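Beneath this line is the structure, given in structure tokens, with notes to follow.
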Amino acid sequence: MTTMIGISLTGRRVLLVGGGAVTARRLPRFLDDGAQVVVVAPALAAATRELVVRHGVEWIAREVRADDVDGAWMVHAATGERRVDDEVAAECERRRVLCVNASDGAHGTARLAAESRSGDVLVGVVSQDGVDPGRAARLRDAVDAQLRAGRLPVRARRPGGPGRVDLVGGGPGPSDLLTVRGRRLLAEADVVVADRLGPTDVLRELEPDVPVIDVGKRPGHHTMPQERINALLVDLAREGKRVVRLKGGDPFVYGRGGEEVAACLAAGVAVEVVPGLTSAVSVPQAAGIPVTHRGTSAGLHVVNGQAEVSSSTLAALADDAVTTVVLMGVAALPRLVAAAREAGAPDERPVAIVERGHTPAQRTTRTTLGRVIADAAAADVRNPAVIVVGEVARAGLLLAASALAGDATQ
């Protein structure tokens, strides 16, 4: 029978007997646990030697002796010779030291579980009777996939410990474009503070008792001013909660994430930022528009449509080798067009407006700088929308490149 327990090896002596490939695979695991590792082996494989040198691990270059076990909390025997490994395991048994016998796990007093980690949660898989590492690894991988997808209940149930804030960039909307780390942090959250854009469907996967606070901003209507959002994040974390601030796109691309991080740091609250796919790139991509393209556009300029037109924006609009992407710019179209013309951009400059990118309601209006105001009004273009100004917005750009590639291969 096997009882699965967790053992802290931090600061404790762990003896690895043997210097081959198995030791190379297992050594990082003990180092990650903070163990004081000693390797005993006449010679080291190249991979083991590299790890020993890089991490300053003590190496005793000789055959193992019985007294090497003295002072060890755990021994890992992997010499490649079953007789030697069995003798090491027997010596550990006599001295009441836990031993992993890599030659025959059934004859050791300990086994290394196939592990999967999710934040501070560690899941291990071992066989109850006999040793079947292949099965344990496959099961571990299946559990790991569910952990990474945020589908398992990993939220802490015992209160205590400091709270923290995680700013998670949700990307353009579809939940499968949310990062793995973002999904994990959502599964661990005690409370979620969410915008109206981004992967809001993942909120339905939260446990029923996890509150979701809507602080989404709409044109002309802010549910909660930014200063109150900053204070809310700090207050929730000070209550000991793990707070996820779920945003559309990327927190640091016009998401005011920098202000929220600064507020947390000023209050002494632990904070982490998880990047997301910014709509400046992902929404044009959804419409088949590459924001840069060899031979067409070598640069990208991202503009907040609500801000004043800067000299750098004027220069980008006038440069036919630069793509200008405007976020939150539908209402500012007349001002942007006037600025582009003043900078010398031609009326024939292609423009694309992509509304509700990466959703079933996505719509793209392709036009030119000279016609965009009238065409946008005729199509009743509305936010959320991303405006792309530049040659990459030309219809058929990628089809033309594809045709050229086809000619080259014939």
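The values are calculated or read from the model by the stated rules, or taken from the named source; none is laboratory data. Bear in mind the structure is a predicted one, so any value in this text is a computation, not a measurement. Glycine gets a Cβ as well: all are built from the backbone with ideal geometry, and neighbour counts include every protein chain shown.
With the structure loaded, tell me whether Val37 is out of contact with any helix residue (DSSP H, G or I) (no Cβ under 6 Å at 6 or more places or on another chain) and either assigned by TED's automatic domain parsing to the domain that holds Gly20 or part of a strand (DSSP E or B) (or both) or whether it fails that test.
It is false that Val37 is out of contact with any helix residue (DSSP H, G or I) (no Cβ under 6 Å at 6 or more places or on another chain) and either assigned by TED's automatic domain parsing to the domain that holds Gly20 or part of a strand (DSSP E or B) (or both).
For Val100, are the conditions met, namely being at pLDDT 95 or above and either of a type in the set (D, E, K, R) or part of a strand (DSSP E or B) (or both)? Steps first, please.
Working: at pLDDT 95 or above: no; either of a type in the set (D, E, K, R) or part of a strand (DSSP E or B) (or both): yes.
No: the conditions fail for Val100.
Could you check how many residues of the range 336-357 are more than 11 Å from Leu369 (Cα to Cα) and not in a helix (DSSP H, G or I)?
7
Residues Ala339, Ala352: which one is touching a helix residue (DSSP H, G or I) at 6+ places or on another chain (Cβ under 7 Å) and modelled with pLDDT under 95?
On the way: Ala352 fails: modelled with pLDDT under 95.
The match here is Ala339.
Quick check on the range 53-98: of everything there that is touching a strand residue (DSSP E or B) at 6+ places or on another chain (Cβ under 9 Å) and acidic (Asp, Glu), which residue is nearest to Ala41 (Cα to Cα)?
It comes out as Glu63.
Scan the range 242-259 for residues that are within 12 Å of Asp166 (Cα to Cα) and surrounded by 24 or more Cβ atoms within 10 Å (Cβ to Cβ) and report the count.
Number of matching residues: 6.
Taking the condition of being within 33 Å of the chain's Cα centre (by Cα), among the polar types (S, T, N, Q) and modelled with pLDDT of 95 or more, how many residues in the range 363-405 meet it?
Going through the range 363-405 one residue at a time, the tally reaches 2.
Would you mind stating whether Leu16 is assigned to a strand (DSSP E or B), of a type outside the set (Phe, Trp, Tyr) and crowded, with 17+ Cβ neighbours inside 10 Å?
Yes; evaluated as a whole, the condition is true for this residue.
Which pairs do you get when a residue that is closer than 14 Å to Gly390 by Cα, found in the range 286-310, comes within reach of a residue that is among the charged types (D, E, K, R), reach meaning Cβ atoms under 7 angstrom, with the pair 6+ apart or on two chains?
From the range 286-310, the pairs are Thr296/Glu391; Ser297/Glu391.
Mind checking which residues of the range 301-341 are surrounded by fewer than 18 Cβ atoms within 10 Å (Cβ to Cβ), under 18 Å from Ile353 (Cβ atoms) and in contact with a strand residue (DSSP E or B) (Cβ under 8 Å, 6 or more places away or on another chain)?
Asn304
Given the options Ala280, Ala237, name the one that is touching a Gly at 6+ places or on another chain (Cβ under 6 Å), among the small types (Gly, Ala, Ser), assigned to a helix (DSSP H, G or I) and on the phi < 0 side of the Ramachandran plot. Don't jump to the end; show me each part of the working.
Values: Ala280 fails: touching a Gly at 6+ places or on another chain (Cβ under 6 Å).
Ala237 is the lone residue from the list that is touching a Gly at 6+ places or on another chain (Cβ under 6 Å), among the small types (Gly, Ala, Ser), assigned to a helix (DSSP H, G or I) and on the phi < 0 side of the Ramachandran plot.
Pull up the range 318-362, narrow it to residues that are under 28 Å from Asp250 (Cβ atoms) and of a type in the set (Asp, Glu), then point me to the one that is nearest to the chain's Cα centre (by Cα).
My answer is Glu355.
Using the structure shown, decide if Val64 is part of a strand (DSSP E or B), hydrophobic (A, V, I, L, M, F, W, C) and either crowded, with 21+ Cβ neighbours inside 10 Å or in contact with a Lys or Arg (Cβ under 7 Å, 6 or more places away or on another chain) (or both).
Answer is no for this residue.
Among (1) surrounded by fewer than 21 Cβ atoms within 10 Å (Cβ to Cβ); (2) in contact with a Lys or Arg (Cβ under 6 Å, 6 or more places away or on another chain); (3) modelled with pLDDT under 75, which single condition is Ala114 missing?
(1)
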